[in-house]
Amino acid sequence: MRFAAIVSFLLPLVAAKPAQKGKTFSNVEIFDPPTNYRDPQVLYARPLELSDGTLLGTWENYSPEPPNVWFPIVKSKDGGKTWKEISKVKDTQNNWGLRYQPQLYELPRAFGKYPKGTVLCSGSSIPSDLSETLIEVYASRDKGYTWEFVSHVALGGEALPNPGLTPVWEPFLMTYKEKLILYYSDQRDNATHSQKLVHQTTTDLKKWSKVVDDTKYADYYARPGMPTVAKLPNNEYIYVYEYGGGPNPPAGSDYWFPVYYRLSKDPQKFLNKAHHQIVSNDGTTPAGSPYVVWTPYGGKNGTIVVSCGTRSEIFTNQALGDASAWKKWDVPQPTAYTRSLLTFQKDPDLLMIMGAGILPPAGGKNTVSASVVRFSTKQENRIPANQSSPDVSNLRHRRSEIEQELCKIKPYIRGIKQRAREIIDEIKIYQKDVPREYWKDMDQLRSALKEIKRELEKLTTLKRRLRYEAKELRKEALRQIVSKLRSWMKLRDFRCGVKPLIESSLPEIATNPHYNQTSLYLTMNHPRRIERVSRVIKGSRTSSSPVNDQRLQLTKPLTFTHYSQAKPQSAQVENAYPQRVEYVYLYTVEMKREVASIAAETQAIKTDYRFRVARLQRDIAQMQRRLDQMERSKA
């Protein structure tokens with residue numbers, strides 16, 4: 001039963017793959033509007049993940065007019081950490097401009113002449129005097145680079161949220177069976193409702209059905225608005241909206257917008273379903289501009305995630321919308337008007353939160369930004385909102401973790417490659433004369449080989465990602481250290497002689513990923529310290545750092561003549577040198593020790609896994625000898 005033995009020998013390797021960790025980040029800036037943009041500069045940010053993993057984003061753009069306003073389209077290929085503008089969706093029909101509430105959507109199937117994968121952008125075309133509103137749909141056949149007009153959906157009146165007016169607002173797209181549904185807020189029935197929620201459907205993106213009511217209240221001044229919808233694993237749909245004029249307003253207010261939701265098996269029939277207010281287990285009540293998504297993370301029911309416009313936290317429910325099961329989570333993304341959410345197709349544990357600031361008056365402070373958090377690491381999700389990046393010590397710790405992960409992955413990849421070769425050799429040798437009773441074992445062997453090849457591809461991809469992340473962390477650490485250097489350069493003699501030379505040397509710091517080298521610039525202004533610090537930075541052995549890591553070597557020698565010429569301009573400045581330089585020197589030594597310690601731990605892990613790989617190779621050799629003996633005995 002040699003093949004069964006090989007299969008049983010390989011399966012533990014497949015099961016023992018290392019855990020993969022996706023990227024998280026806090027409040028990454030996507031767009032900072034120019035100073036000539038009108039208040040509130042930007043609003044209403046919306047992301048979209050395409051089927052190939054690429055991210056797109058858009059928002060309301062308050063640029064000076066003329067020309068007419070448009071919806072910018074930005075693209076990210078690294079999970080949202082960096083973005084680049086690729087196009088603009090412009091009004092080609094009315095000469096008004098695309099002004100309010102954009103929504104991006106990728107077609108999961110063909111509609112009419114528009115194939116699967118077409119990207120839609122729906123929003124409101126509104127003239128600069130706000131006299132009319134018109135919800136329209138534009139399409140891109142090349143993943144957001146070029147756009148074409150598709151159809152008009154709903155025409156309304158003056159774009160002001162006042163009772164008695166007739167605008168249409170806030171489109172949201174979703175596919176159901178053979179139909180594309182466009183939900184929106186509607187004030188046109190102003191004789192009986194200040195505002196209600198409705199939808200229209202289409203099968204070809206050109207012709208739209210009659211208006212169907214989704215939510216309305218008997219109170220004329222009630223204003224349900226901003227609908228978003230998500231599908232749940234029990235084939236129900238959750239319909240989340242703000243309830244303007246909802247009951248029990250907080251103290252000091254007589255009108256508010258609590259977040260409510262409804263559940264229905266048919267996303268076209270929410271009108272007669274019961275409504276529920278979202279109240280977390282600690283009594284928190286989210287209000288205003290909600291957004292909902294569902295992710296498979298969290299067990300068989302997955303997790304419903306809701307954001308609102310008045311609190312920075314998100315609200316989750318892992319009980320299919322049970323009104324008593326809402327919980328509150330802290331996230332690093334700050335509060336924003338109609339902040340949006342995005343779950344990732346290949347990693348449901350991750351959640352993107354994108355916002356574009358607050359309603360006017362914004363005071364010129366609105367920017368478009370995003371954060372990505374991981375559900376399974378609550379501590380990571382509770383980073384304070386004002387902490388946009390970790391400190392240097394956290395970066396060094398994360399870098400050491402990445403290096404350890406890389407060390408673990410390398411032996412797995414080598415072992416998988418070697419075992420795959422062994423399997424292929426065995427199949428080639430015995431495929432002609434293997435008895436029929438072993439055919440089943442060979443099928444299992446081939447299945448195991450396919451699984452191992454897939455595992456190898458995943459591990460190789462993970463290794464490349466970890467290397468890239470380690471590189472980015474080193475750059476971030478250097479940027480933070482350089483920032484500290486600049487903040488310390490406040491003495492007058494820095495401005496007259498030392499500072500210009502340091503500024504000219506900063507490119508060398510940016511290209512040299514060594515923590516220790518940067519402290520050299522702090523100590524050069526004191527000639528008596530030059531020789532002493534130079535020995536430390538060049539990586540001389542000490543009892544506390546026995547590892548002579550080549551990463552600590554200087555890329556090229558630096559000269560100190562200019563620094564010794566920078567004389568203090570007063571006795572007060574000269575007396576300030578010793579304490580400052582001694583502090584920086586001690587900081588340098590401590591940093592060197594920490595980096596050396598990380599290098600030693602990494603080397604120990606490498607040695608341990610080399611031993612494991614050698615032991616596996618020995619086991620394989622023993623198995624080969626047994627197979628040879630079996631072959632000889634058969635002969």
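The values are calculated or read from the model by the stated rules, or taken from the named source; none is laboratory data. Fair warning: this is a prediction, and the values are worked out from it, not measured in the lab. Please note: Cβ atoms are built from the backbone with ideal geometry, for glycine as well, and neighbour counts cover all protein chains shown.
Within region 188-209, is there a residue that is of a type in the set (Asp, Glu), in contact (Cβ under 8 Å) with a residue 40 or more places away in the chain and either out of contact with any Asp or Glu (no Cβ under 8 Å at 6 or more places or on another chain) or under 30 Å from residue 49 (Cα atoms) (or both)?
From region 188-209, those of a type in the set (Asp, Glu) are 189, 204; that's our starting set.
Checking the rest, the ones that are also in contact (Cβ under 8 Å) with a residue 40 or more places away in the chain come to 204.
Then drop every residue that is not either out of contact with any Asp or Glu (no Cβ under 8 Å at 6 or more places or on another chain) or under 30 Å from residue 49 (Cα atoms) (or both), which leaves 204.
Yes, some residue in region 188-209 is of a type in the set (Asp, Glu), in contact (Cβ under 8 Å) with a residue 40 or more places away in the chain and either out of contact with any Asp or Glu (no Cβ under 8 Å at 6 or more places or on another chain) or under 30 Å from residue 49 (Cα atoms) (or both).
Filter region 155-173 for residues that are closer than 29 Å to residue 108 by Cβ and either out of contact with any Ser or Thr (no Cβ under 8 Å at 6 or more places or on another chain) or polar (S, T, N, Q) (or both) and give the result.
None; the set is empty.
Identify the residue in region 223-255 that is modelled with pLDDT of 95 or more and among the aromatic types (Phe, Trp, Tyr) and, among all such residues, is surrounded by the most Cβ atoms within 10 Å (Cβ to Cβ).
Ranking the qualifying residues of region 223-255, first place goes to 241.
If you go through region 92-106 one residue at a time, do you hit one that is modelled with pLDDT of 95 or more, part of a strand (DSSP E or B), over 17 Å from residue 344 (Cβ atoms) and among the β-branched types (Val, Ile, Thr)?
So far as region 92-106 goes, no, none of its residues is modelled with pLDDT of 95 or more, part of a strand (DSSP E or B), over 17 Å from residue 344 (Cβ atoms) and among the β-branched types (Val, Ile, Thr).
Quickly run through region 180-220 and pick out the residues that are crowded, with 18+ Cβ neighbours inside 10 Å, among the hydroxyl-bearing types (Ser, Thr, Tyr) and part of a loop (DSSP other than H, G, I, E, B).
Once the filter is applied, which keeps residues that are crowded, with 18+ Cβ neighbours inside 10 Å, among the hydroxyl-bearing types (Ser, Thr, Tyr) and part of a loop (DSSP other than H, G, I, E, B), region 180-220 yields 194, 217.
Mind checking which residues of region 310-352 are touching a Leu at 6+ places or on another chain (Cβ under 8 Å) and of a type in the set (Lys, Arg)?
Result: no residue meets the conditions.
Check off (1) within 27 Å of residue 133 (Cα to Cα); (2) touching a Leu at 6+ places or on another chain (Cβ under 9 Å) for residue 23 and give me the number that stays unchecked.
(1)
For region 313-356, enumerate the residues that are more than 22 Å from residue 82 (Cβ to Cβ), touching a residue at least 24 places away in the same chain (Cβ under 8 Å) and among the charged types (D, E, K, R).
Scanning region 313-356 gives 313, 327, 328, 330.
Assuming residue 112 fulfils every condition listed in (1) touching a residue at least 60 places away in the same chain (Cβ under 8 Å); (2) of a type in the set (Gly, Ala, Ser); (3) within 22 Å of residue 44 (Cβ to Cβ) apart from one, which condition is it?
Against the list (1) touching a residue at least 60 places away in the same chain (Cβ under 8 Å); (2) of a type in the set (Gly, Ala, Ser); (3) within 22 Å of residue 44 (Cβ to Cβ), residue 112 comes up short only on (3).
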